[in-house]
Amino acid sequence: MSSTVAWVRQHRLTCFFALAYLVSWTPWAFDLAGSSLGTPFFPGGPLVAALLVIAVADGRRGFRELGSRLVRWRVGWVWYVVALGLPVLMVLATGVLTWWSGAPAPDLSGVVWTDVVLLLALRTVNPTDSALGEEPGFRGYALPHLQDRLSPLAAAGVLGVLTAGWHVPLVALGNLGWIGLPSTVVITFLYVWLFNRSGGSLLMAVLFHASQGAFTFGMLGFADADVDRAAYVYFGVLVVAVGAVVGLDREIWRRAPESAVDTEPVSVPAGAGV
């Protein structure tokens, strides 16, 4: 075993997050330098990072593990409802609360629902989109390794901060308001809860993310300042939702199920004949 492989095996998560940031942020660096790689930010960085680290540190075992999580569909119908429906419910709650706070009433007349469904389907299978570009890395690879060391509650906090930091260029580019960073931290707890309750199903995380982006509060007919207000209201909705799942489902936050944990195999010392 080479020293490089041994080091990567001992520092899987460090390598993963460093690569995820590097791959996604490199186009931004070129953009700041006055050049262009065709896009100022690459959302598939976490997916690329996970595949690279797995190739070096885990090999076939790692790819089988990640693949099995992605096709883990026998999780019970209720988790499909949660994955697809909870993001929609939170957006609708945001619309109502924003209206109550003084904005015009939400207007769904302009929403083409067939387009929403099509967008959901495309986001689910497109690796250059944020759903499939992020989730195999953040939830499919990093989370099971974090939960091998930390409680689900602590793992969600660590992953939330690191995932929010990964989004910083989007704030600088004007594609995401700054409130999107704490919102990313908070919503990570919902991802962790869904992932663990569905037995470590990466598919549920991908569907949740795809649904989150297919139907947004920007489709509710708000304009200008009301859109910004809705973003703050959405943050509040996320806090309430996380408070509910943490307070009402305490057991799942103490210890992750074995199916949602990736125990790192013991590394074989160099020269041991492997």
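Numbers below:
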{"read-out": "Any chance Ile252 is closer than 29 Å to Asn126 by Cβ and not hydroxyl-bearing (Ser, Thr, Tyr)", "value": "no"}
{"read-out": "Subset of the range 1-49 [aromatic (Phe, Trp, Tyr), in a loop (DSSP other than H, G, I, E, B) and within 15 Å of the chain's Cα centre (by Cα)]", "value": "Phe42"}
{"read-out": "The range 206-234, subset surrounded by 18 or more Cβ atoms within 10 Å (Cβ to Cβ) and of a type in the set (Phe, Trp, Tyr), residue farthest from Ser130 (Cα to Cα)", "value": "Phe222"}
{"read-out": "Residue match in the range 244-259 (condition: within 22 Å of His145 (Cβ to Cβ), at pLDDT 95 or above and buried (at least 22 other Cβ atoms within 10 Å of the Cβ))", "value": "yes"}
{"read-out": "Residues of the range 50-84 satisfying the condition of being under 20 Å from the mean Cα position of the chain (by Cα), small (Gly, Ala, Ser) and crowded, with 18+ Cβ neighbours inside 10 Å", "value": "Ala50, Gly62, Ala83"}
{"read-out": "Residue under evaluation Thr184, criteria (1) touching a residue at least 40 places away in the same chain (Cβ under 8 Å); (2) in a helix (DSSP H, G or I); (3) among the β-branched types (Val, Ile, Thr), criterion not met", "value": "(1)"}
{"read-out": "Selection count where residues are part of a helix (DSSP H, G or I), at pLDDT below 95 and β-branched (Val, Ile, Thr), scope the range 203-240", "value": "1"}
{"read-out": "Odd one out for Val116, checked against (1) closer than 30 Å to Ala20 by Cα; (2) surrounded by 17 or more Cβ atoms within 10 Å (Cβ to Cβ); (3) among the aliphatic types (A, V, I, L, M)", "value": "(2)"}
{"read-out": "Test: residue in the range 80-88 that is in a helix (DSSP H, G or I), touching a residue at least 24 places away in the same chain (Cβ under 8 Å) and either among the aromatic types (Phe, Trp, Tyr) or over 30 Å from Ser109 (Cα atoms) (or both)", "value": "yes"}
{"read-out": "Where Gly200 falls short, out of the listed (1) within 21 Å of Leu47 (Cα to Cα); (2) assigned to a helix (DSSP H, G or I)", "value": "(2)"}
{"read-out": "Enumeration of residues in the range 150-178 that are in a helix (DSSP H, G or I), loosely packed, with under 15 Cβ neighbours inside 10 Å and either without any contact (Cβ under 8 Å) to a residue 24 or more places away in the chain or at positive phi (or both)", "value": "Ala154"}
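The values are calculated or read from the model by the stated rules, or taken from the named source; none is laboratory data. Worth saying up front: this structure is predicted, and the values here are computed from it rather than measured. Heads up, the Cβs are rebuilt from the backbone with ideal geometry, glycines too, and the neighbour counts pull from every protein chain shown.
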